[in-house]
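See below for the structure under consideration.
The values are calculated or read from the model by the stated rules, or taken from the named source; none is laboratory data. The shown structure was predicted, so the numbers you read here are calculated from the model rather than taken from an experiment. Note: ideal-geometry Cβ built from the backbone for every residue, glycine included; neighbour counts use all protein chains shown.
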Amino acid sequence: MKYLTLINYFLIIILTVTIVPFSTLSLREIDFLSSTFNDVKGAVIPAKVFNAILKRRANKINEFKEINNLSSKELIFCDFLRDSLDSMQVLVNSSSRSVQIVVRSNLVYSYKDIVASFYSVFNNERTSSVDYAPVVRRATSPIDYEPPSNFCGCYPLENRSPEMKIVYPKSKMLMLIDEYKSDFDLYVDYKTDQKPYLSSFIEQLETLKLQISNATELDNDLDEYNRKKANLEAFKVINTQFEFIVEMFLYQTTRIKSNLDSNSFRFSH
């Protein structure tokens, strides 16, 4: 099959994904980062940060290619998606570094379509990610009086009891920590004036990863039932710590007035 024929085939996949409301699902990274830069215009992401998101996604696709035994067609498809991301980077780089990307724009929707197309071709058996995990959000009421929030949908709204909390498995929890750490890094790289304080949150996430490693080695002398129970309770604590770190990061970012440029990308919907 010729290259152009393959490209046409993959374009059909992308259009299908666009028609089917898969790409309308919220991407965790977009939801989270836009919440840190939210201003009077609504949800926005600085062009420099959005460009870093595109580059990060292209690197993830390259890594996926390297660690998986893909067919020639699948390799071409990955290259096609990566080239699409590169083209988007060129478009973003052609603008002012101070420009803001409106989240409800065709540019962001196009990015969501690319991610959705990737998962449409490579199912969950071959991929593992938290791209569509519910984002951790900061409570709108005063933080000192807010009860534990609904962490990734784990607390049912009608019952916030920790005993009812569903815990992510170790692999997913580590992925969540890595992804949020990467988001923290993107924000801090842009808001360099806030780095002295916000860097501590990045360090806390690294510490949490060590705690997860220690939690999986708890009480080896216990019988299997008690060992599993001890590990489960430890992960409940870790989940709560993780949520608190993310919420405090958001709380800190919203306390400091944004100095973003008033210009923004605005595309017709």
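Tell me, which residue of region 72-93 that is acidic (Asp, Glu) and without any contact (Cβ under 8 Å) to a residue 24 or more places away in the chain is surrounded by the fewest Cβ atoms within 10 Å (Cβ to Cβ)? Explain how you work it out, then say what you get.
Going residue by residue through region 72-93, those that are acidic (Asp, Glu) are 74, 79, 83, 86.
Now drop any that are not without any contact (Cβ under 8 Å) to a residue 24 or more places away in the chain, which leaves 79, 83.
On the way: ASP79: 16, ASP83: 12.
Per the stated criteria, the residue is ASP83.
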| request: For region 220-267, enumerate the residues that are at pLDDT below 55 and of a type outside the set (A, V, I, L, M, F, W, C). | output: LYS257, SER258, ASN259, ASP261, SER262, ASN263, SER264, ARG266
| Near pairs, Cβ below 8 angstrom, 6+ apart or cross-chain, from region 94-118 (part of a strand (DSSP E or B)) to any residue that is at pLDDT 80 or above and of a type in the set (Phe, Trp, Tyr) | GLN100/PHE37; ILE101/PHE50
| said: Of the conditions (1) of a type in the set (Val, Ile, Thr); (2) surrounded by fewer than 20 Cβ atoms within 10 Å (Cβ to Cβ); (3) assigned to a helix (DSSP H, G or I), ILE30 satisfies every one except a single condition; which number is it? | reply: (2)
| said: Need pairs with beta-carbon distance below 9 Å; first residue under 17 Å from ILE114 (Cβ atoms) and within region 58-71, second of a type in the set (Lys, Arg) and not in a helix (DSSP H, G or I); sequence gap 6+ or separate chains. | reply: PHE64/ARG126
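Counting just the residues of region 17-56 that are within 25 Å of MET248 (Cβ to Cβ) and among the β-branched types (Val, Ile, Thr), which one comes out modelled with the lowest pLDDT?
Restricting to residues being within 25 Å of MET248 (Cβ to Cβ) and among the β-branched types (Val, Ile, Thr), the top hit is VAL40.
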